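Participant: Can you keep this structure in mind? I'll have questions shortly.
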Amino acid sequence: MDLVHTIWDEFLTIAKEEVGIRVVETWFKAVTFAQWDAEKKIIYLQAPNQFVRDWIQKNYYALLSTHLGRLLHVENPSVSFLNATQERADLVAVPTQEMRMVPAQVAVQKRRTGLVRIQSPKKQSTINKSYIFENFVVGPSNSLAYAAAHAITEKPGRLYNPLFMYGGSGLGKTHLLHAIGNGIQDQNKGATVLYQTADRFVTEFISSIRFDKVERFQEKYKNVDVLLIDDVQFISHKEGTQEAFFHIFNVLYDAHKQIVFSSDTVPQDMQGIAERLRSRLAWGLVADIYMPDIETKIAILKRKAASHTVVLADDIAHFIASRAIANIRELEGALIRVMAFASLTKQELSLELAQRVLQRADAPERQAIDLERVVSVVHKQYGYDFKQLQSKGRDKDLVFVRQVAMFLMKRLTNKSLRDIGVFFGGRDHSTVLHAIEKIEQSLKEQTDLQVRIKKIEDELSR
Ligand code: ADP
Ligand code: MG
């Protein structure tokens, strides 16, 4: 079971929310989670060079320790970087690297240090081999999209063109796009399949203008047999890019090349899209994907566990599937936490263990509580109003109450560290993280604080 990799992926998802996609792409994607020493509670990471290592240690140490600690269910693990002499031979062939689309810059960095030999990104397929039809569980919520996706692999460009799949985040759109790519390549080894997210497409287009390579950019897209564009909504309000894309679309369409889109909404509801492009997005088949029912969720959990050679008992699967979750990504996240905990602590996977591990994440009515409400209840309890909390005031009591508010916000709302920092007048994510750790620490020692926080939580969940 490749748990360290799974946990690292989980961490990347959390980090994306906490500190933003830029930071994750630039720094964390360059790093691998090499080893976990459960006894000494040390997380070993590996960075491509000294610069990345220093930067991460200086700026993101707390973030790493806190979230990896939570995922591993240990408190304040230390985070350490393996240095060159400690590198083990088997670290070189990190399997997830080839599945992930490695940003060019990372690939270059790694090649330079000689740690990981990765093909140049140009030759590397853009298709993720692990997303296939065989491991996609079909239920009422996704059967239309699945059937259409599967059908076009038989007759690319001839059946539904374009195919437009839409649905909320984490419901399987990206999975299906790659499955189409894999399916077509299985049938026809020579087919050129290109997967691209719309925001990368935008960036690529912009830099092609900057470096006077627009023609080459156009050529790249016009010469494919299958074009898979993920999260096409990111093309909104980008007139120049839409223009370029419109042109590419027409060329491919006229040549009966298959085009597939994913999006978070139907074409009609997409904002900031040129009319002629919008109509083309809906020319073929528009298929929705929505939240799966409990049976499908259970099937997904069992399939996922089986891929880690774990047989998931019915009661555990049912328990995990019936918790309130926003999407399948979260469902998988919950399962991974449970399996990781059982495996790392060498315990039997049981219902009781699953309940214990997931309990904390089940804060009631997480969605409904917003930052303002937390402020108003904190005000009632402690007497400091929003202006004071937001101020730069360093008075000891005020600082403490501000930390309590931050702690509650993180615990009870879906806001990220960054959002909370911004809410408090543009404070940094690390300030918020520090506040949370401070309060978590105090909670252990001070029963009166426990009582007070409980009171606030009760009031908020009313
Ligand atoms: P989206 O692109 O819609 O945000 P993803 O395709 O990234 O969602 O799916 C999120 C996670 O859930 C992925 O790991 C994916 O493999 C998994 N997943 C989604 N739907 C299914 C399904 N029907 N069967 C198995 N796994 C699924
Ligand atoms: Mg996606």
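Participant: Which residues in segment 253-285 place their backbone N less than 20 Å from a point set 7 Å from the Cα of L144 along the Cα-to-Cβ direction?
Facilitator: Residues 259-271, 278-285 qualify, since their backbone N sits under 20 Å from the label point.
Participant: Can you work out ³J(HN,Hα) from phi for every residue in segment 11-18, in order, using Karplus 6.51 cos²θ - 1.76 cosθ + 1.60 and θ = phi - 60°, giving whole Hz and x for Gly and Pro?
Facilitator: The phi angles translate into 4, 4, 4, 5, 4, 4, 5, 6 Hz.
Participant: For R462 and N49, FRET efficiency with R0 = 56 Å and r from the beta-carbon atoms, rounded to 0.05?
Facilitator: 0.60
Participant: Contour minus end-to-end for H256 and S322, with contour as 0.36 nm per residue of separation and end-to-end as the Cα-Cα distance?
Facilitator: 19.4 nm
Participant: Between E154 and Q355, how many nm apart are label points set 7 Å from Cα along the C-beta direction?
Facilitator: Modelled inter-label distance: 4.8 nm.
Participant: Which is the longest stretch in the chain that no exposed loop site breaks, taking sites as GluC sites (Glu not before Pro) with a DSSP loop state and at most 15 other Cβ atoms within 10 Å?
Facilitator: After excluding every exposed loop site, the longest remaining stretch is 88-347.
Participant: Can you tell me which aspartates and glutamates have their Cα less than 19 Å from the Cα of K220? Leave out same-chain residues fewer than eight positions away.
Facilitator: Partners within reach: D199, E204, D212, D230, E243, D254.
Participant: To continue, here is another question. Treating the angle as unsigned and between 0 and 90°, give the value, to the nearest 10°, between the Cα long axis of helix 429-445 and the longest Cα principal axis of the chain.
Facilitator: Value to nearest ten degrees: 40.
Participant: Can you pull a Stokes-Einstein diffusion coefficient for segment 213-310 at 20 °C (1.002 mPa s), Rh from Kirkwood over Cα pairs, as a whole number of µm²/s?
Facilitator: Answer, rounded: 136 µm²/s.
Participant: Ok, one more. Loop-only chymotrypsin sites (Phe, Trp or Tyr not before Pro) in segment 277-358, please: DSSP not H, G, I, E or B, and at most 14 other Cβ atoms within 10 Å.
Facilitator: The qualifying sites are Y290.
Participant: How far apart, in nm, are the 7 Å Cα→Cβ label points at N188 and E39?
Facilitator: 5.7 nm
Participant: Let me see the pair-distance distribution of the chain: every alpha carbon pair, 10 Å bin width, integer percents in order.
Facilitator: Per 10 Å bin, starting at zero, the Cα-Cα P(r) for the chain comes out as 4, 17, 25, 27, 19, 7, 1, 0 percent.
Participant: Return the whole-Å distance between the Cα centroid of segment 13-60 and the Cα centroid of segment 385-462.
Facilitator: Answer, in whole Å: 26.
Participant: Further question on the same structure: Could you sort out which of K129/K302; K302/K410; K410/K444; K173/K257 sit more than 23 Å apart by Cα distance in this structure?
Facilitator: K302/K410
Participant: Whole number in Å², please: accessible area per residue of segment 129-264, 1.4 Å probe, ligands, DNA and RNA not counted.
Facilitator: 44 Å²
Participant: So, one more: Run the numbers for A299 and N59: contour at 0.36 nm per residue of separation, minus the present Cα-Cα distance, in nm.
Facilitator: Length gained between A299 and N59: 82.3 nm.
Participant: Next question. Run the quick spin-label model on V311 and R216: label points 7 Å from Cα toward the beta carbon, then report their separation in nm to one decimal.
Facilitator: Label at V311, label at R216, 5.6 nm between them.
Participant: How much of the accessible area of the chain, probe 1.4 Å, is carbon plus sulfur, in whole percent?
Facilitator: 52 percent
Participant: To the nearest 10 degrees, how steep is helix 198-210 against the longest Cα principal axis of the chain, on a 0 to 90 scale?
Facilitator: Relative to the chain, helix 198-210 is tipped by roughly 70 degrees.
The values are calculated or read from the model by the stated rules, or taken from the named source; none is laboratory data. No experiment lies behind these values; they were computed from the predicted model shown. Glycine also receives a Cβ, built like all others from the backbone with ideal geometry; neighbour counts cover every protein chain displayed. All accessible areas refer to the heavy atoms of the entire protein, side chains included, with ligands and DNA or RNA removed. Shrake-Rupley method; radii C 1.70, N 1.55, O 1.52, S 1.80 Å.
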